[in-house]
Amino acid sequence: MSTDTKIRAIVTGVTGMVGEGVLIECLQSRHVEAVLVINRKPCGVSHSKLKEIIHKDFFDLAAIEDQLTGYNACYFCLGVSSVGMKEPEYYKLTYTLTMNVAQTLNKVNNDMTFCYISGAGTDSTEKGRSMWARVKGKTENDLMKLPFKQVFAFRPGLMKAHKGAKNTLTLYKYLSWLYPIIKALAPNSACTIAEVGRAMINVTLHGNETQVLEVRDMIAAAKMGSAI
């Protein structure tokens with residue numbers, strides 16, 4: 001995609017920590033001209049670029065499908081923790097839901113870049129002992145089989161939230177003081193959510209050598225060109 005082409009992005013999960021940060025980056029970027037967010041509840045953000053659809057059932061998008069056309073990027077930040085979940089439930093909320101949204105968007109937008117928030121440690125072989133990592137791996141693999149223009153899987157580790165963000169996870173609030181220490185000791189294990197958002201914008205515009213982006217790749221992609 002040429003840098004002269006403006007991004008029209010659909011962003012999911014903006015009432016969560018990562019999605020909120022990605023939304024902020026999109027609203028600040030001169031390369032993004034329109035943002036559609038799909039939420040189960042209002043996100044509480046007002047901006048001239050922003051349109052919001054309140055929709056409860058992500059397993060059935062038929063009622064809003066005609067409003068999803070005309071976009072060239074999806075930044076999929078919707079996700080759940082596997083803590084306390086059995087595999088069938090986690091599979092449904094992670095794999096089945098994501099694939100339904102992706103297949104719907106692919107049907108109505110033939111020039112779309114799909115960026116999926118996965119996680120560090122995801123198992124691309126789908127055969128490991130960790131349940132969540134297998135499910136995430138299958139989700140990544142099957143997304144990459146869809147005929148999107150581009151598909152990228154983002155695997156963040158520890159993330160630093162946007163200053164003043166409303167949806168920062170409690171754990172991250174208490175551990176924020178650790179971020180500079182971890183970043184200094186293991187720079188490829190931590191990044192900011194701003195870097196994640198900028199990386200998504202940049203790979204949409206410029207592509208990337210690999211479809212799977214680990215933390216170091218996201219940091220590099222965030223510096224590629226100018227996302228803002």
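The values are calculated or read from the model by the stated rules, or taken from the named source; none is laboratory data. Keep in mind it's a predicted model, so treat the numbers as computed, not measured. When we count neighbours, we look across all protein chains shown, and the Cβ atoms used for this are built from the backbone with ideal geometry, even at glycine. What goes into the accessible areas is simple: the full protein's heavy atoms, side chains included, and nothing from ligands, DNA or RNA. Shrake-Rupley method; radii C 1.70, N 1.55, O 1.52, S 1.80 Å.
Among the residues of segment 113-124, is any surrounded by fewer than 15 Cβ atoms within 10 Å (Cβ to Cβ), farther than 16 Å from K145 by Cα and free of Cβ contacts under 8 Å to residues at least 12 places away in the same chain? The answer is no, given that none of the residues of segment 113-124 is surrounded by fewer than 15 Cβ atoms within 10 Å (Cβ to Cβ), farther than 16 Å from K145 by Cα and free of Cβ contacts under 8 Å to residues at least 12 places away in the same chain.
For segment 1-17, indicate whether the set of residues that are open to solvent by 10 Å² or more (accessible area, probe 1.4 Å), farther than 23 Å from K149 by Cα, modelled with pLDDT under 95 and not hydroxyl-bearing (S, T, Y) is non-empty. The answer is yes; a qualifying residue exists.
At least 2 residues being over 14 Å from the mean Cα position of the chain (by Cα) and at pLDDT below 95 is the threshold, and among the strands (runs of 3 or more DSSP E) wholly inside segment 147-228 those reaching it are 158-160, 190-192. Of the set (1) more than 28 Å from C191 (Cα to Cα); (2) at pLDDT below 95; (3) of a type in the set (S, T, Y), all apply to T104 but (2).
Taking each residue of segment 45-67 that is closer than 21 Å to A34 by Cα and without any contact (Cβ under 8 Å) to a residue 60 or more places away in the chain and looking for partners that are among the polar types (S, T, N, Q) and open to solvent by less than 60 Å² (accessible area, probe 1.4 Å) with beta-carbon atoms closer than 7 Å, six or more apart or interchain, yields E52/N39; I54/N39; L61/T104; E65/T104.
Being in contact (Cβ under 8 Å) with a residue 24 or more places away in the chain and hydrophobic (A, V, I, L, M, F, W, C) is the filter; apply it to segment 125-137 and report the residue that is surrounded by the most Cβ atoms within 10 Å (Cβ to Cβ).
Residues of segment 125-137 that are in contact (Cβ under 8 Å) with a residue 24 or more places away in the chain, as a first pass: 131-132, 135-136.
With hydrophobic (A, V, I, L, M, F, W, C) added as a condition, the list becomes 131-132, 135.
Numbers: M131: 15, W132: 21, V135: 24.
The selected residue is V135.
Applying a threshold of 6 Å to beta carbon distances and a minimum spacing of six or more residues, or different chains, the list of pairs starting in segment 184-200 at a residue that is within 12 Å of L213 (Cα to Cα) and ending at one that is open to solvent by 40 Å² or more (accessible area, probe 1.4 Å) and not in a strand (DSSP E or B) reads N188/R216. The set of residues in segment 40-55 that are modelled with pLDDT of 95 or more and out of contact with any helix residue (DSSP H, G or I) (no Cβ under 7 Å at 6 or more places or on another chain) comprises S48, K51, E52, I54.
Being of a type outside the set (S, T, N, Q) and in contact with a strand residue (DSSP E or B) (Cβ under 9 Å, 6 or more places away or on another chain) is the filter here; which residues of segment 98-118 pass it?
Matches in segment 98-118: V101, A102, L105, M112, F114, C115, Y116, I117.
Where strands (runs of 3 or more DSSP E) fall entirely within segment 1-82, none has at least 3 residues that are basic (K, R).
Answer yes or no as to whether K92 is part of a helix (DSSP H, G or I), without any contact (Cβ under 8 Å) to a residue 12 or more places away in the chain and more than 25 Å from E195 (Cα to Cα).
Values: part of a helix (DSSP H, G or I): yes; without any contact (Cβ under 8 Å) to a residue 12 or more places away in the chain: yes; more than 25 Å from E195 (Cα to Cα): yes.
Taking the combined requirement at face value, the residue satisfies it.
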